[in-house]
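The values are calculated or read from the model by the stated rules, or taken from the named source; none is laboratory data. Note that the structure is predicted; figures quoted are calculated from it, not measured. For neighbour counting, all protein chains shown are included, and Cβ atoms are generated from backbone atoms with ideal geometry for every residue, glycine included.
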Amino acid sequence: MKSLLLAMCLVLSLPNGALAQSPTVQDLLQSQRALIEKSSRRTIGPAIDALVASGLPQMQNVLEAWQAKGMWQRKGDGFFFAARKNDDGTFILQDFEDGADVATVSSAEIKQLKPNSGVRAMIATALVRFQLTDTDITKRADALDSISRDPEAALLAPLRASIEGETDPDILARKVRLERLMTMAYDTDVPSRVAAINDMSGDLGVDFRATLNPILSTSRVVSPTAPDGNIAREVIVGSDALTHSAAYALLVAAGGAPVEITADARDTTLEAHIDGGRIAGFPVAQLSSEAVRDQAYDALVTRGLAPPRVTQTDIDASLASYRFFDVYDDPSPAVTSAAEAALAASETRVAFGQAADLGLDALSLASIYFLAAIGLAITFGVMGVINMAHGEFIMMGAYTGFVVQQYVPNHTASILLAVPLAFAVTFGAGVTLERLVVRRLYHRPLETLLATFGVSIALQQLAKNIFGTQARPLTSPSWLDGAWVINDVVAISYIRIAIFILALLFLALFLFIMKRTRLGLETRAVTQNPRMAASMGINPDRVNMLTFGLGSGIAGIAGVAIGLFAKVTSEMGSDYIVQSFMTVVVGGVGNIWGTLAGAAMIGGFQKGVEWLNPSNTLAAQTYMIIFIIIFIQFRPRGIIALKGRAAGD
Amino acid sequence: MNRSFVVRNPSVLIFLVLLSLFTLVVTILSEGFGVGLLSTSFVKVLGKTLCLCLIAIAMDLIWGYAGILSLGHFAFFGLGGYMIGMWLMYERTRQIVENALSEGVLPPTPEEISTGIGNQIFGVVGSSDFPLIWAFADSLVLQLAFVVLVPGLLALVFGWLAFRSRVTGVYLSILTQAMTLGLSLYLFQNASGLRGNNGLSGLQNLPGVTAPQSVVSLWFFWASALALGLGYLLVAWVVSGKFGSVIRGIRDNEARVRFLGYSVETYKLAVFTLTACISGIAGALYYPQAGIINPAEVAPIASIYLAVWVAIGGRGRLYGAVIGTAFVSLVSSWFTGGQAPDIDLGFYAIKWVDWWLVLLGLSFVLVTLYAPGGISSFVDKLAGKTMEADR
C-alpha cells in the first residue's frame, strides 16, 4: 500500500513537473476535460480541434486510442491514460506522452471512455491528417480514400503539407491529384483555383467532373433587372430549359404574381357554390365544357365569391415584366468560366472515350454473334441445311458446362474440361440428328427446317424437365473476373476479351479445317457436287455426317462461352437462333468471312442504335431487323456472295 | 361462284356441311342456348380453334399451294387482334370513365373524359397521352377496316420488298421470321403506344353488351365458324381457278412459270397479301375470345407452330390444314391442361404437362419423315384419291 501511494505520488508529480516547460499531452487533455468526458457529436468539435492544433506527434496515438475505446480516465484525479488488462482483472495504465507504464489499478478505479459513433467519425476525420504522413503505406492510402470520399476544406492544408515528404510514387500521384481537385473546390485564392482548373482541363476522371459540377451549380433567380452576383446565363421563357408554366410557377414562388387558378381549383370553387342546381345562374347540367365552366367561374368572380382567374394575358404580362437568370453559387466569375471551359474540354474527350467504349462493346457483341453463328455457318452456310435445333446445341453445350461444374469445383479446371466435353456431347448429338433426320431430307430443305424445329422444341422441353425452369449459373474462373480499365470511360470486362479471342480462335480453326485438312477438302467437294465427289471416292454420307457434327460441336463450345456471361436456361438457344441465321444470311451463305462481316455489321449496328437511344435495347433490336430486311433488298445474297455455279439455288 | 365450282370440289360442300353441323351441335350443347353440356370456357376454346383453323387455311394457301414457307403469319394475326383490341379497350374504358365521372357534382367535360381514358389505358406504361395510332380507336368501323388493311399493308410492303429482290426458299422463311420477331420486339416497348408487354386486356367484355359471357362466347363461336366457312370457300375458289394453277406452278417450278410470261412476283405478292388479310380477320376474332393480347403472341415460335399444324394436317389440302390445326391444338390443350392421365413407370412418372412438348416435337419429326402428306393423306386414302404432288 505504501509503495502504491509512493508510485501514485510519482506519477502525479510527473505531468506537473513537465507543465513548467511546455504543455504535455495530459495538459491538453485536461484542458478539454469537460468536453471529452461528456462527449457528443455537437460539442466535441472544439476539443478535437484543440488537441490536433497542438501539433504534438503523440496526439495520433491519443486519438486512435480514444476512437478505439482504448482511453481510460482515472476516477481519482481525472487523468486520461491508455490501459491494458492484466490476467487478474487489474489494468496497467500507460502514459500517452512516452508510452511508459504508469500504474496498475483495479477496474473500479478507472472508467473507460466510450465515444459514440458520431464522435468516432469526427475523430477519424481528425486522424486523417496524421495518417497522411503515417509510415504505414496502407494507412496513407486509406487516408486518401477517406478524403476523396468526404472532402473538406480543412483537410486541404494538411494534404498539401504531406506532399513534400511523400516517398511512394503512386501515393504521391494520388496526393497531388487530390490536392489539385481540393484546390479547385476549397482554396480561398481565386488565381490558384483557376490555375488548378486549367491544369486539369480535359481530364477524363470521374472525380474531376464530380469536383467541377458543384463549382458550376446554379440557382435560378427571378428579377426585373439583372441581379448582382456571378450570372451564368439569362434563361429565356419558353425555351426547353424553362417552359412558360415553370417560369410562372417560379414567379409565383418569388411572390411576383398571383397563383394561377387550376382547372381543379376552379371546379372545387364551382362545386362549393352550387345553389339550387345552379352556379351563379348557370344550371349545373350545362357545365360540361371548359368554356362554360370558365364563364360560370367568371360570373362567381363578378359576384365577389371567388378570386379572379389568371388569364393567359395576365400570365404573359407578368412574365414579360420579369427576367430569369441562372446565377452561379460560386461568386468568382474567373473560376466558373475556367470550370465551364474545363468541363467542356472534358466532355469532348469523354465523348471520344465513349465512342471508343462503344466500339469495344460492338466488337464484343459481334464476337458473341459470330460465336453463335459459326456453327451455323458450317451446317447452313456450307451444307445448306437449316438446323433450327442449332440454338438447342448451344444450350446443350452450356448445360454440359454447368454439369461439369457440379463435379469439378475448381472453376479453371472445370472450364478446361467443359470445352472438350461440350464439343463431344454436341458433336454426338449433331451426328445422331444428321443420321436420323437430316439425311433423309437433303432434297427437301423446308421440311428439314420443320423437322429440326420439332427436335428443337423436344430438346428444349427435355432440358426444362431435367434442369428445371430456373436459370443455372455457369461461373467463370476468377482470372476472368473484373475488367480491363483503360480510363474512367473506357473499360472492357475480361470475359468479353476472352470471348473475342475465342471467336478469333474459332475463325482460325474453321479456316484451318476447311482449307488445310482432308475433311475440309472433302466437305467442299461434296457441297459443290456430291455425285462427282462420290465418283472420286469420297463417301458423301460420311462427310456430311462429320461436317454436321463439327458444326454442332462448335455450337456446343459457343454455348459454354455464352453461358459464362449469360445465365444458362432452356430457352437460351432460341434467344440466339434468329440472330444467328440473320448473321449468316446477311454475311453471305457459304463464306466464313461473310459470317464475320455479318456479325460485325449486326453487332455494330445494334450498338450504334443503342448509343443513339440508350436504355432501349428492344428498339435497337427492332431497328436492326428492319435494317436487315432492307439490306437484303440490296444484297440478297449477303455481303460476300459466292460467284459462279457453286452459288446455284 | 358458279355451280360448276362446287360440283368440281365436292370436298368444299362436305366441309361446309360438317362445319354447320358442328356449329349446330355445339350450340345445342352449350350453356348459353342449349343444354349446358359444354362449359363456356370450352366453347371459347372451340371458337378459338376455329380462328386458328382459319389462319391455317391462309397458311396452307401460301405454303401448300404457293410454296412460300412464311414463318411470320402470326404477325398479321396479332395485328388483327391489336386493331380490334384497341377499339374494344377504348370503348369499354370510355364507358367506365364516363360512368365514374358522371357521379361527380359537375357534368364531365370532353377533356376530362379523354384524360381519364388515357390514364386508365396508359397508366401502366407511365403515360396518359394517346399515341397517334389510337386516333381512330373510337370508331368501330375504322378499326374493323384496319383489321384487314394494316396486316394487308404490312404484307404488301414486306412482300414487295422481299419478292422483288427474289428472296426465295429458306431465305424468305428466315426473313419472315425476322419480320415477326421485329414486330414483337417493337410491341414490347412501352413507346410503341400499345401498352408494351402488358398488351391489351379485358377484350372479352364487349362494350355496351350486357349479355353474359356464355352467350357472348356463342356469338363469337358463330362468327368464327362463319368466317372459317367463308374463308374456306374463298380460298378453295382461289385455288380451283386459273390463279390457283399459276401459283401451284410457281410452287413446282418458279423459273418455268416466269419464262411462260407470268409475273411471278405479282402472283406471290397477291397470295401473300390475301393470306395476311385472312390472318388479320382470324386474329380479330381470336383475341376477343382469348381476352388478352400481348407481344409474346407474335413471337416467332407461334408462326412456326402454325407451320407445324399445317404440316401435320397435310399441306396442299385445305381440309388438311383444318384437321391438323384442330387436332394438334385440341390435343395440345388436353395434354397441357392436365387432363391427360399421367403414366407411372414405377421409377418415374411421366407427367404430360412436362412431356407433351417432347412428344409433339418427336411426333412432328416422325410425320415429316414418314408421312409427308400428314393426317389428311389418310383421309385421301379412305376417299380413294391419289395423293397430289406436293413438292
Of all residues in the stretch B:193-213, count the ones that are in a loop (DSSP other than H, G, I, E, B), among the aliphatic types (A, V, I, L, M) and closer than 16 Å to B:S128 by Cα. 1
Scanning the stretch B:232-250 residue by residue, those in contact (Cβ under 8 Å) with a residue 12 or more places away in the chain and either of a type in the set (S, T, Y) or crowded, with 21+ Cβ neighbours inside 10 Å (or both) turn out to be B:Y232, B:V235, B:A236, B:V239, B:S240, B:I247, B:I250
On the basis of being at negative phi, of a type in the set (S, T, Y) and under 37 Å from the mean Cα position of the chain (by Cα), does A:T448 make the cut? no
Test of understanding: among B:G202, B:G208, which residue is over 22 Å from the mean Cα position of the chain (by Cα) and more than 14 Å from chain A (Cβ to nearest Cβ)? B:G208
Residue tally, condition facing chain A (nearest Cβ under 7 Å) and within 13 Å of B:A75 (Cβ to Cβ), over the stretch B:184-194: 2
For A:L127, are the conditions met, namely being under 51 Å from the mean Cα position of the chain (by Cα), among the aliphatic types (A, V, I, L, M) and part of a strand (DSSP E or B)? no
Would you tally the residues in the stretch B:164-183 being more than 7 Å from chain A (Cβ to nearest Cβ) and either within 18 Å of the chain's Cα centre (by Cα) or under 18 Å from B:C277 (Cα atoms) (or both)? 3
Inside the stretch A:214-232, the number of residues satisfying the requirement of being part of a helix (DSSP H, G or I) and either buried (at least 17 other Cβ atoms within 10 Å of the Cβ) or modelled with pLDDT of 85 or more (or both) is 1
Which of the residues spanning the stretch A:456-490 are more than 24 Å from A:V437 (Cα to Cα) and either at pLDDT 90 or above or in a helix (DSSP H, G or I) (or both)? A:F467, A:S478, A:W479, A:L480
Residue set B:S332, B:S279; condition among the hydroxyl-bearing types (S, T, Y) and within 14 Å of chain A (Cβ to nearest Cβ); output residue B:S332
Those residues of the stretch B:262-303 which are of a type in the set (A, V, I, L, M, F, W, C), farther than 26 Å from B:M89 by Cβ and surrounded by fewer than 24 Cβ atoms within 10 Å (Cβ to Cβ), in sequence order: B:V264, B:L269, B:A270, B:L274
Do we find a residue being assigned to a loop (DSSP other than H, G, I, E, B) and either exposed (fewer than 12 other Cβ atoms within 10 Å of the Cβ) or small (G, A, S) (or both) anywhere in the stretch A:499-512? no
Residues A:T167, A:T183: which one is surrounded by 20 or more Cβ atoms within 10 Å (Cβ to Cβ) and either over 23 Å from A:A351 (Cβ atoms) or in contact with a Leu (Cβ under 6 Å, 6 or more places away or on another chain) (or both)? A:T183
Cβ-Cβ below 6 Å, separation at least six or inter-chain, first residue in the stretch B:102-125 and within 14 Å of another protein chain (Cβ to nearest Cβ) and within 23 Å of B:G202 (Cα to Cα), second among the small types (G, A, S) and assigned to a helix (DSSP H, G or I): which pairs? B:V125/B:G196
List the residue pairs whose Cβ atoms are under 8 Å apart, where the first residue sits in the stretch A:295-315 and is at negative phi and touching a residue at least 12 places away in the same chain (Cβ under 8 Å), the second is crowded, with 17+ Cβ neighbours inside 10 Å and aromatic (F, W, Y), and the two are 6 or more positions apart or on different chains. A:Q295/A:F282; A:A296/A:F282; A:A299/A:F282; A:A306/A:Y297; A:R309/A:Y297; A:I315/A:Y248
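Yes/no per residue for (1) crowded, with 23+ Cβ neighbours inside 10 Å; (2) more than 12 Å from every other protein chain (Cβ to nearest Cβ); (3) under 16 Å from B:L185 (Cα atoms); (4) within 22 Å of the chain's Cα centre (by Cα):
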residue	(1), (2), (3), (4)
A:Q579	yes, no, yes, no
A:G587	yes, yes, no, no
A:A600	no, yes, no, no
A:W611	no, yes, no, yes
A:N616	no, no, yes, yes
A:R635	no, no, no, no
Quick one: which of B:V97, B:V150 is in contact with a Pro (Cβ under 9 Å, 6 or more places away or on another chain), among the hydrophobic types (A, V, I, L, M, F, W, C) and assigned to a helix (DSSP H, G or I)? B:V97
If I go through the stretch B:324-362 residue by residue, how many of them are closer than 30 Å to B:G373 by Cβ and part of a helix (DSSP H, G or I)? 22
Do we have A:G304 as modelled with pLDDT under 85 and farther than 19 Å from A:S201 by Cα here? yes
Can you tell me which residue in the stretch A:255-279 is surrounded by the fewest Cβ atoms within 10 Å (Cβ to Cβ), limited to those that are part of a helix (DSSP H, G or I) and of a type in the set (S, T, N, Q)? A:T268
Members of the stretch A:425-443 found to be part of a loop (DSSP other than H, G, I, E, B) and within 7 Å of another protein chain (Cβ to nearest Cβ), listed by number: A:V437
Within the stretch A:289-320, the residues that are away from chain B (no Cβ under 14 Å), out of contact with any Ser or Thr (no Cβ under 6 Å at 6 or more places or on another chain) and aliphatic (A, V, I, L, M) are A:A299, A:V301, A:L305, A:V310, A:I315, A:A317, A:L319, A:A320
Which residue out of B:W237, B:W222 is more than 24 Å from B:A302 (Cβ to Cβ) and either of a type in the set (S, T, Y) or within 17 Å of the chain's Cα centre (by Cα) (or both)? B:W222
Is one or more of the residues making up the stretch A:389-397 in a loop (DSSP other than H, G, I, E, B), among the hydrophobic types (A, V, I, L, M, F, W, C), in contact (Cβ under 8 Å) with a residue 60 or more places away in the chain and crowded, with 22+ Cβ neighbours inside 10 Å? yes
How many residues are small (G, A, S) and within 23 Å of A:F352 (Cα to Cα) when one looks only at the stretch A:170-216? 4
What tally of residues in the stretch A:448-479 results from selecting those that are at the interface with another protein chain (Cβ under 9 Å from one of its Cβ atoms) and crowded, with 21+ Cβ neighbours inside 10 Å? 13
Could you list, in sequence order, all residues of the stretch A:240-254 that are at pLDDT 80 or above and either over 15 Å from A:V222 (Cβ atoms) or not in a helix (DSSP H, G or I) (or both)? A:L242, A:T243, A:A254
For the stretch A:539-552, state whether one or more residues are within 23 Å of A:G563 (Cβ to Cβ), of a type in the set (F, W, Y) and assigned by TED's automatic domain parsing to the domain that holds A:I394. yes
